1. Quickly run through the stretch 80-124 and pick out the residues that are surrounded by fewer than 12 Cβ atoms within 10 Å (Cβ to Cβ) and either touching a Ser or Thr at 6+ places or on another chain (Cβ under 8 Å) or farther than 11 Å from V53 by Cα (or both).
2. Can you tell me which condition P77 does not meet? The list is (1) open to solvent by 30 Å² or more (accessible area, probe 1.4 Å); (2) touching a strand residue (DSSP E or B) at 6+ places or on another chain (Cβ under 9 Å); (3) at pLDDT 95 or above, and all the others hold.
3. For the stretch 1-54, give me each residue that is at positive phi and modelled with pLDDT of 95 or more.
4. Inside the stretch 5-25, can you point out the residues that are open to solvent by 40 Å² or more (accessible area, probe 1.4 Å), under 11 Å from T43 (Cβ atoms) and in a loop (DSSP other than H, G, I, E, B)?
5. For V63, are the conditions met, namely being touching an Asp or Glu at 6+ places or on another chain (Cβ under 6 Å) and β-branched (V, I, T)?
6. I'm told R42 meets every condition in (1) under 18 Å from E13 (Cα atoms); (2) open to solvent by less than 40 Å² (accessible area, probe 1.4 Å) except one. Can you identify the failing condition by its number?
7. Would you say E45 is in contact with a Cys (Cβ under 6 Å, 6 or more places away or on another chain), in contact (Cβ under 8 Å) with a residue 12 or more places away in the chain and acidic (D, E)?
8. So which residues in the stretch 22-68 are out of contact with any strand residue (DSSP E or B) (no Cβ under 8 Å at 6 or more places or on another chain) and hydroxyl-bearing (S, T, Y), if there are any at all?
Amino acid sequence: MPRKPVDPRELREAVAAVLPWLDGGPQPARPVLAAAVRLSLRTLENDVPGHTVEVRVPPFAAVQCIDGPRHTRGTPPNVVETDPRTWLELITGALPWATAVGDGRVTASGSRADLSSLLPMLRY
């Protein structure tokens, strides 16, 4: 069951706090970065509930989303994994999904691991 919905304003504020970093500024403090990643992943989890795809953004969080066959043990068949900066670039529209996958900045395994129709989540 999805977690409590994220307040959209809280998500926008958390992501806005890391935008200078995405534009070449200094890396934000770990708690600021963690908040942006976690809130955006929770939003994804609530927007497209399910257990078919696991989205991992280490070291901060992983969620399961997208309706379909449920995964219960071992490594899920559909996994998306990336680093925090790439994830934030994807959700803000600064980086297209196809480019991130093509450049190897995102690993997407499994037939349902294409998030291109769900991104970007926010536009700035």
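The values are calculated or read from the model by the stated rules, or taken from the named source; none is laboratory data. What you are looking at is a predicted structure, and each value in this text was computed from that prediction instead of being measured. No Cβ is skipped: glycine too gets one built from the backbone with ideal geometry, and neighbour counts run over all protein chains shown. These accessible areas exclude ligands, DNA and RNA; they are computed on the full protein's heavy atoms, side chains included. Shrake-Rupley method; radii C 1.70, N 1.55, O 1.52, S 1.80 Å.
1. Taking the stretch 80-124 and keeping what is surrounded by fewer than 12 Cβ atoms within 10 Å (Cβ to Cβ), we get 98, 102-104, 111, 117, 123.
Result: A98, G102, D103, G104, S117, R123.
2. (3)
3. Within the stretch 1-54, G24 is the sole residue that qualifies.
4. Initially, the stretch 5-25 is screened for residues open to solvent by 40 Å² or more (accessible area, probe 1.4 Å), giving 5, 7-10, 12-13, 16-17, 20, 23-24.
Cutting the leftovers down to under 11 Å from T43 (Cβ atoms) gives us 5, 7-8, 10, 12.
Answer for the stretch 5-25, where residues must be open to solvent by 40 Å² or more (accessible area, probe 1.4 Å), under 11 Å from T43 (Cβ atoms) and in a loop (DSSP other than H, G, I, E, B): P5, D7.
5. yes
6. (2)
7. In short, yes.
8. S40, T43
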